[in-house]
Amino acid sequence: MVPMDGTGGQDGVMYSILASIPSPPSSDFHIGPVRVTYYGVLIMTGVVVAWLVVRKRFVARGGDAELAERIVIRMVGFGFLGARLAYVSTHLSRFEGEWWKVIAIWEGGLALFGGLTAGAIALWYYARKWDASLPDFLDSAAPAVPFAQAIGRWGNYFNQELFGTPTDLPWGLEIEPSRRPPEYAEFETFHPTFLYESLWNVGLGFFIIWLGKRYPEMRGRLIGVYFLGYGFMRFLTELIRTDTDFRLLGLSRNGWVSIGVMILGAVIIWWKRVKVEEKTYALTS
């Protein structure tokens, strides 16, 4: 907690207590001899939720439930592989002398943009291979991905990682001394960037669902809305996160990637809009 600051009052002392989010009591629990991490449980919970949302939405668009499951399984597998490889490639020093920990994803260390890239490639390949509607599948996944992220981000809380710069705001996150960056060792509370992203992603997911229902003409463009919305939030959080040493013109590596993701989202929305207008014109002329 932030230390209390005493000032004169009716009884000589008046204490001002600043609220904060406490550190997690632990990062794991045991089922018999088996160690289970909250990070792993939350990541898998997010995957299951995304799986259910994608399947329901894809079937509602006329797709096959079994086909959706086959594609999602491969997307998840390649997504995890891409996320881990991307993280390891940018944190090689963490694994010096302990290279076996490269596979220890239960301890944290997944680069989201790497996972999205690998998952998207897998989706493109298997949708073409099995003749699935790629636009319908992307529309189905558009709200599912942020819902999964919203759940998975709480794993960062239990691992006390990926937090922001110090803050004395009432929702500041308490970080144990051993987890604090050396340059911020004297500070106790930090921006809970995991919470910012989690809340934003919940709102983004429901916004995408509402948008698709309210404006049917957005069909085929909803994944662009996700890219634009998530890229914007990730760009903002990257400005205050403390987990990267790489900076180019003041922006982290993921900050620059976020800009690229926003541009991609805008291009998808614009390009699909143009395609729809061209098709409508051809039908009416």
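The values are calculated or read from the model by the stated rules, or taken from the named source; none is laboratory data. None of the values given here were measured: they were computed from a predicted structure. Using ideal geometry, Cβ is built from the backbone for each residue, glycine included, and neighbour counts are taken over all protein chains shown.
I'm checking my understanding of the structure. Among residues of the stretch 122-154 that are in a helix (DSSP H, G or I) and among the charged types (D, E, K, R), which one is surrounded by the most Cβ atoms within 10 Å (Cβ to Cβ)? Talk me through it step by step, then tell me what you get.
Taking the stretch 122-154 and keeping what is in a helix (DSSP H, G or I), we get 122-129, 134-152, 154.
Now restrict to residues that are among the charged types (D, E, K, R): 128-129, 136, 139.
Details: R128: 10, K129: 10, D136: 19, D139: 24.
The selected residue is D139.
For the stretch 245-272, the candidate set comprises residues that are part of a loop (DSSP other than H, G, I, E, B) and touching a residue at least 12 places away in the same chain (Cβ under 8 Å); within that set, the residue that is farthest from the chain's Cα centre (by Cα) is F246. When the stretch 155-180 is filtered for residues that are aromatic (F, W, Y) and surrounded by 20 or more Cβ atoms within 10 Å (Cβ to Cβ), the ones remaining, listed by number, are Y157, F158, F163.
Out of I103, I71, report the one residue that is out of contact with any strand residue (DSSP E or B) (no Cβ under 7 Å at 6 or more places or on another chain), of a type in the set (V, I, T) and farther than 24 Å from F137 by Cα.
On the way: I71 fails: farther than 24 Å from F137 by Cα.
I103 is the lone residue from the list that is out of contact with any strand residue (DSSP E or B) (no Cβ under 7 Å at 6 or more places or on another chain), of a type in the set (V, I, T) and farther than 24 Å from F137 by Cα.
When the stretch 64-95 is filtered for residues that are out of contact with any helix residue (DSSP H, G or I) (no Cβ under 6 Å at 6 or more places or on another chain) and either over 22 Å from L112 (Cα atoms) or of a type outside the set (A, V, I, L, M, F, W, C) (or both), the ones remaining, listed by number, are D64, E66, L67, E69, R70, G77, Y87, S89, T90, H91, S93, R94.
Quick check: anything in the stretch 202-223 in contact with a Leu (Cβ under 9 Å, 6 or more places away or on another chain), under 24 Å from G109 (Cβ atoms) and modelled with pLDDT of 90 or more? No: the stretch 202-223 contains no residue that is in contact with a Leu (Cβ under 9 Å, 6 or more places away or on another chain), under 24 Å from G109 (Cβ atoms) and modelled with pLDDT of 90 or more. Pairs are defined by a Cβ separation below 7 Å, a sequence spacing of at least 6 or placement on different chains, a first member in the stretch 59-78 that is free of Cβ contacts under 8 Å to residues at least 40 places away in the same chain and assigned to a helix (DSSP H, G or I), and a second member that is surrounded by fewer than 19 Cβ atoms within 10 Å (Cβ to Cβ) and among the aromatic types (F, W, Y); the pairs so defined are V72/W51.
So which of E197, E183 ends up being surrounded by fewer than 20 Cβ atoms within 10 Å (Cβ to Cβ) and assigned to a helix (DSSP H, G or I)? None of the other options fit; the residue is E183. Of the listed requirements (1) of a type outside the set (S, T, N, Q); (2) under 18 Å from T244 (Cα atoms); (3) surrounded by 21 or more Cβ atoms within 10 Å (Cβ to Cβ), G119 misses just one: (2). Determine whether the stretch 113-120 contains at least one residue that is in contact (Cβ under 8 Å) with a residue 60 or more places away in the chain and over 17 Å from I73 (Cα atoms). The answer is yes; a qualifying residue exists. Tell me, please, whether a residue that is closer than 28 Å to F206 by Cα and in contact (Cβ under 8 Å) with a residue 40 or more places away in the chain can be found in the stretch 87-101. Within the stretch 87-101 (the criterion being closer than 28 Å to F206 by Cα and in contact (Cβ under 8 Å) with a residue 40 or more places away in the chain), the answer is no, since none of the residues qualifies. For the stretch 19-30, the candidate set comprises residues that are part of a strand (DSSP E or B) and either of a type in the set (D, E, K, R) or at pLDDT below 90 (or both); within that set, the residue that is farthest from N156 (Cα to Cα) is H30.
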